[in-house]
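This report concerns only the one structure given below.
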Amino acid sequence: MRDTITIFIFLLIALNVLAQKEQDGHYRNAKIFLKDHRMIRVSDLKIGPIMAQYIHLKSNKEAELPLQHISLIKIPKGNHLVEGALFGTATLSLSALLIDLDTDPLGQPREKTAGFYLAMAGSGAAVGALIGILVPKWKSIALKDKSAGIYMPVHLDIFPQTNSVNLKITMTL
C-alpha cells in the first residue's frame, strides 16, 4: 500500500512538470481580466498583435477579444507543492507536540518516541504536498503594447474630413 502511495505522489509530480508547455503567444489555460473588472476563464488562448482568440470554458465556443479591452492575463505556472508540504509538516509537527504535552486519564505524561514525531511530520508533508499540487500558481503575462510599469492607454482618432486629430489619454486613479 505504501509503494502505491509513493508511486502516485511521484506520478502527480511528473504530470505537473509536463502540464503547461506554452509557445510564444499560445497558452492552454488562462484567466483574462477585462477592463470592466470581469474575469473570463479560457482555454487555447492565442494572443495576436490586435486580438486574443480563445475558447470560452463556460460556453465551450470560440471567441475573439480586442487586446485594448484586456487589462491582465494570467496563466498557470506551477503549483504550491513546496508550500503545501511545509505547511503540512509544520501543522502536524505542532499537533504531535501538543499531543505529547497532554496527559492520560490518570494524570501521567504521555511520552512519545522519535518515530511518532517523524510519522506525524511525514504524513503532514505528504498530505500538504497532495493539496499543494491541486492549487495552481498564476503568472501574469505582459501584452506587447503595454509597459511593465504604469499603463497609460493612448487613443488617437484621425478625422480626414475635418483635418483634425484627437488625442485621448485615460488614466485610472
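Read-outs: derived from the displayed coordinates by stated rules, not from any lab. Nothing here was measured: the structure is a model prediction, and the numbers come from that model. Glycine also receives a Cβ, built like all others from the backbone with ideal geometry; neighbour counts cover every protein chain displayed.
Averaging the sequence gap over all C-alpha pairs within less than 8 Å and six or more residues apart, then dividing by the number of residues, gives the stretch 80-133 a relative contact order of 64 percent. Structure note, pairs 58/168; 112/137; 58/139; 35/77: Cα-Cα distances above 29 angstrom occur for 58/168; 112/137. Peptides 35-47, 66-78 ranked from most to least packed, by the mean per-residue count of other Cβ atoms within 10 Å: 66-78, 35-47.
Spin-label pair residue 67-residue 114: with each label point 7 Å from Cα along the Cα-Cβ axis, the two points sit 6.0 nm from one another. With the highest mean first, a sort of the peptides 94-103, 133-142 on other beta-carbon atoms found within 10 angstrom per residue produces 133-142, 94-103.
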